[in-house]
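Visitor: Handing you this structure, nothing more for now.
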Amino acid sequence: MRNVTVFIVIVGLIAGCSPTSDYELGGTIVDLTYSYDSTTVYWPTASGFTLNIDARGWQDGGYYYEANSFSSAEHGGTHLDAPVHFAEGQWAADAIPLDRLIGPGVVVDVSGSALQDPDYLVSVADFEDWERQNGELAEGVIVLLRTGYGQFWPNRDRYMGTSERGAEAVAKLHFPGLDPAAARWLRDERQVHAVGIDTPSIDFGQSRTFEAHQELFAGNIPVFENVANLDTLPADDFTVIALPMKIAGGSGGPLRIVAIIP
């Protein structure tokens, strides 16, 4: 049955661009990925996404043909942070086992607090509150953090705190993230397989040492950033499939992530 489900997901990825699609065997497939275009949000110091048209039109042979090339920083849009991004010797993008990228998912919704405080840190108490309502986080789960900031995409001022570019803009970043103590708790006490968030970084905008990254990556826990449409998911009982571009030795890369709700 697992092979059938994965096939259905692949069909959905190829056939549809809407946020949700229904399939008889696989349930409802929710696209958690932003498209890449000129509006895609990147870190202020990173180069953005560029699509170059190499060919577009009818050819002398009587057939229509399109081909493009693109350039992009690894970390921008809906993307993977591989553990090697902040942890020497840990997994690069191509080395992450697929069972860390595919598995049961949960959404921890902290939007009520995070939308009131752009520097909010998702805490251990937030996870304990979730567990009181839904049961203990299972080992190997993929945790998705909903801060509510997805509603601001791609408005950089609202989503990141600034639309300015360059190194001087980093000090002006304001958006919620994960408390390093909570990252350590997810790693050591719950042994989660991956963590995603609907902001530009798992660390809050004002972080200068990226400790949440460090804590998770010390345990080879990959991170998904700029995840879309978390408001459409239930608190649990769904499957996440997060397949990044398989860049050899990459510290991250563009990510196509979906959820399947039975």
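Visitor: Would you please classify the overall shape of the range 184-238 from the alpha carbon gyration tensor, given that a ≥ b ≥ c denote the square roots of the eigenvalues, rounded means a/c under 1.5, and beyond that prolate means a/b larger than b/c while oblate covers the rest? Working shown, then result.
Guide: On the way: a/c = 2.49, a/b = 1.22, b/c = 2.04.
Oblate is the answer for the range 184-238, as a/c is 1.5 or above yet b/c matches or exceeds a/b.
Visitor: Using packing as a proxy for protection, rank 186-192, 44-50 so that the peptide with the highest average count of other Cβ atoms within 10 Å comes first.
Guide: Working: 186-192: 17.4, 44-50: 15.1.
For the peptides 186-192, 44-50, the packing ranking is 186-192, 44-50.
Visitor: Let me ask something additional. In whole angstrom, how far apart do the alpha carbon centroids of the range 115-182 and the range 46-93 sit?
Guide: After rounding, the separation between the Cα centres reads 26 Å.
Visitor: Sum -39500 (n - 2.57) across every DSSP H segment of at least 4 residues in the chain, then divide by the residue count to get the 222 nm mean residue ellipticity, nearest 500. Numbers along the way, then the final one.
Guide: Numbers: 6 runs with 51 residues, N = 262.
It comes out at -5500 deg cm²/dmol, rounded to the nearest 500.
Visitor: Which values, in whole Å and largest first, are the semi-axes of the equivalent ellipsoid of the range 128-187 obtained as the square root of 5 times each eigenvalue of the Cα gyration tensor?
Guide: Values: eigenvalues 185, 39, 16 Å².
After diagonalising the Cα gyration tensor, the semi-axes are 30, 14, 9 Å.
Visitor: What are the ³J(HN,Hα) values, in whole Hz, obtained from phi via the Karplus relation 6.51 cos²θ - 1.76 cosθ + 1.60 with θ = phi - 60°, for each residue of the range 64-81 in sequence order, with x given for Gly and Pro?
Guide: Karplus values, whole Hz, x for Gly and Pro: 8, 8, 10, 8, 10, 10, 9, 9, 6, 5, 4, 10, x, x, 6, 8, 8, 9.
Visitor: Quantify, in whole percent, the carbon and sulfur part of the accessible surface of the chain (1.4 Å probe; protein heavy atoms only). It would help to have the intermediate numbers written out before the result.
Guide: Numbers: 6120 of 12240 Å².
Its accessible area is 50 percent carbon and sulfur atoms.
Visitor: Also, quick follow-up: Could you report the range 43-125's accessible area per residue, 1.4 Å probe, as an integer in Å²?
Guide: On the way: 4390 Å² over 83 residues.
Per-residue accessible area for the range 43-125 comes out at 53 Å².
Visitor: Now for a different question. Sort the chain into rounded, prolate or oblate with this rule: let a ≥ b ≥ c be the square roots of the eigenvalues of the Cα gyration tensor; rounded if a/c is under 1.5, and if a/c is not under 1.5, prolate when a/b is larger than b/c, oblate otherwise.
Guide: Numbers: a/c = 1.64, a/b = 1.21, b/c = 1.35.
Oblate, since a/c reaches 1.5 and b/c is not below a/b.
Visitor: Please report the antiparallel percentage of DSSP beta bridges with both residues in the chain, rounded to the nearest 5.
Guide: Of those bridges, close to 70 percent are antiparallel.
Visitor: May I pose another question? Just how much of Y63 is accessible, in Å², when a 1.4 Å probe is used and the result is rounded to the nearest 10?
Guide: About 120 Å², ignoring ligands and nucleic acids.
Visitor: Work out how far the C-alpha atoms of the range 125-262 reach from end to end along every principal axis, then list the three figures in whole Å, largest first.
Guide: 43, 36, 29
Visitor: Taking only the Cα atoms of the range 41-131, how large is their convex hull per residue, in Å³?
Guide: Numbers: hull volume 20.6 nm³, N = 91.
Spread over its residues, the Cα hull of the range 41-131 gives 227 Å³ apiece.
Visitor: While we're on this one: Count the DSSP beta bridges whose two residues both fall in the range 122-256, then state the antiparallel fraction as a percent rounded to the nearest 5. Please report the intermediate quantities before stating the final value.
Guide: Numbers: 2 of 9 bridges.
Approximately 20 percent, going by the DSSP bridge assignments.
Visitor: Considering the Cα trace of the range 81-144, what is its radius of gyration and what is Dmax, both in angstroms?
Guide: Cα radius of gyration and Dmax of the range 81-144 are 14.8, 38 Å respectively.
The values are calculated or read from the model by the stated rules, or taken from the named source; none is laboratory data. Since this is a predicted model, take the numbers as computed values, not measurements. So basically every Cβ, Gly included, is an ideal-geometry build from the backbone, and we count neighbours across all protein chains shown. Only protein heavy atoms, including side chains, enter the accessible area calculation; ligands, DNA and RNA are left aside. Shrake-Rupley method; radii C 1.70, N 1.55, O 1.52, S 1.80 Å.
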